[in-house]
């Protein structure tokens, strides 16, 4: 790739022109001054030296489609489909038609604002930003792009939502309206374990240890292309965990197994045994969406419409923290990958814990018996003559 240094000359439009031969093709560059035209030429030549793939005029959507296909081999199927679903906000749009070398930060800033104005949540737009940035980072590494324009783009603000937990009285209100024993056991299981919705629906019968009173989280049920699929992996490595449960929960598990045995006898070969603790009546994976809607209906019936299925998980954590259980234990039970995540989500509980600590310390001091202060004995001074 070699620049063809031609002296600038005046054109009819009063612009200076310089040329460069790149890959056997002559390119023309214009500027209001000779220096401006030369600068444009040098920038173009330098970009092509650093980015050998740029000469193929790859569009953003072509690169994203190719990148997401290569990612399929290195990420979980659910992650791959999540990437693909997210990139639909760029592929097929005017932004997606742009050549990689023509991308500018302002184009992405405008697109993110368009998505927000269309009603997408900040969280969704932030995820789109993150996935697209990863793809463009690879473009820089592969020599298709000189730099990642998204590094200069400010991500949308995602207002933090305080985790909403039910009080003990509200938990009682919720449980009192549930007439379906199957859902009553599922909701009590959620409150007792703090597991995510997908983890509860993926809980295996073989992962229950009746002697130790534990349940092992090893898989999830997720929605992939409108199908309910059992995924033999958890959200993160920290999500693979074993949780100890109480006697009431163990009894609920036994009652649920008795119900499943009855279903198997009743349906016979029409029952699909997937080793699931909370399957649909025919043994197939229960729809996460169906569970969310049903729990929401129960919450509304109990006058608790401001809560959701995920509130059951927050309730579990909040009750543990208020009872004085260490944050690290709560982190493990929830399957959070970092201690900071637990602290961040449940920081609102800390002031209440601080007040409790004051009461405990005050009680401790009142119970202490203090010995009277010791007075220093005056040492006698022996005078020597």
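The values are calculated or read from the model by the stated rules, or taken from the named source; none is laboratory data. Note that the coordinates shown come from a computational prediction; the quantities given were computed from them, not determined experimentally. Here the Cβ positions follow ideal geometry from the backbone for every residue, glycine too, while neighbour counts run over all protein chains shown.
Annotations
- Residue list for segment 54-112, restricted to those being outside any helix (DSSP H, G or I) and surrounded by fewer than 16 Cβ atoms within 10 Å (Cβ to Cβ): 57, 72, 73, 74, 75, 76, 92, 93, 99, 104
- Residue satisfying condition, being within 19 Å of the chain's Cα centre (by Cα) and at pLDDT 90 or above, within set 104, 84: 84
- All positions within segment 305-323 that are assigned to a loop (DSSP other than H, G, I, E, B) and surrounded by fewer than 20 Cβ atoms within 10 Å (Cβ to Cβ): 305, 306, 308, 323
- Any hit, segment 240-258, residues being part of a helix (DSSP H, G or I), in contact with a strand residue (DSSP E or B) (Cβ under 8 Å, 6 or more places away or on another chain) and exposed (fewer than 14 other Cβ atoms within 10 Å of the Cβ): no
- Yes/no for residue 216 being more than 19 Å from the chain's Cα centre (by Cα) and under 27 Å from residue 337 (Cβ atoms): yes
- Residues of segment 139-174 satisfying the condition of being in a helix (DSSP H, G or I) and touching a helix residue (DSSP H, G or I) at 6+ places or on another chain (Cβ under 7 Å): 139, 149, 150, 152, 171, 174
- Residues (part of a loop (DSSP other than H, G, I, E, B) and either modelled with pLDDT of 75 or more or touching a helix residue (DSSP H, G or I) at 6+ places or on another chain (Cβ under 8 Å) (or both)) located in segment 6-33: 8, 15, 23, 32, 33
- Restricting segment 324-337 to residues that are touching a residue at least 12 places away in the same chain (Cβ under 8 Å) and not in a helix (DSSP H, G or I), the residue that is farthest from residue 238 (Cα to Cα): 324
- Residues located in segment 137-172, provided they are under 30 Å from residue 261 (Cα atoms) and surrounded by 15 or more Cβ atoms within 10 Å (Cβ to Cβ): 171
- Verdict on residue 294 being more than 21 Å from residue 222 (Cα to Cα) and either surrounded by 13 or more Cβ atoms within 10 Å (Cβ to Cβ) or in the same structural domain as residue 196 (by TED's automatic domain parsing) (or both): no
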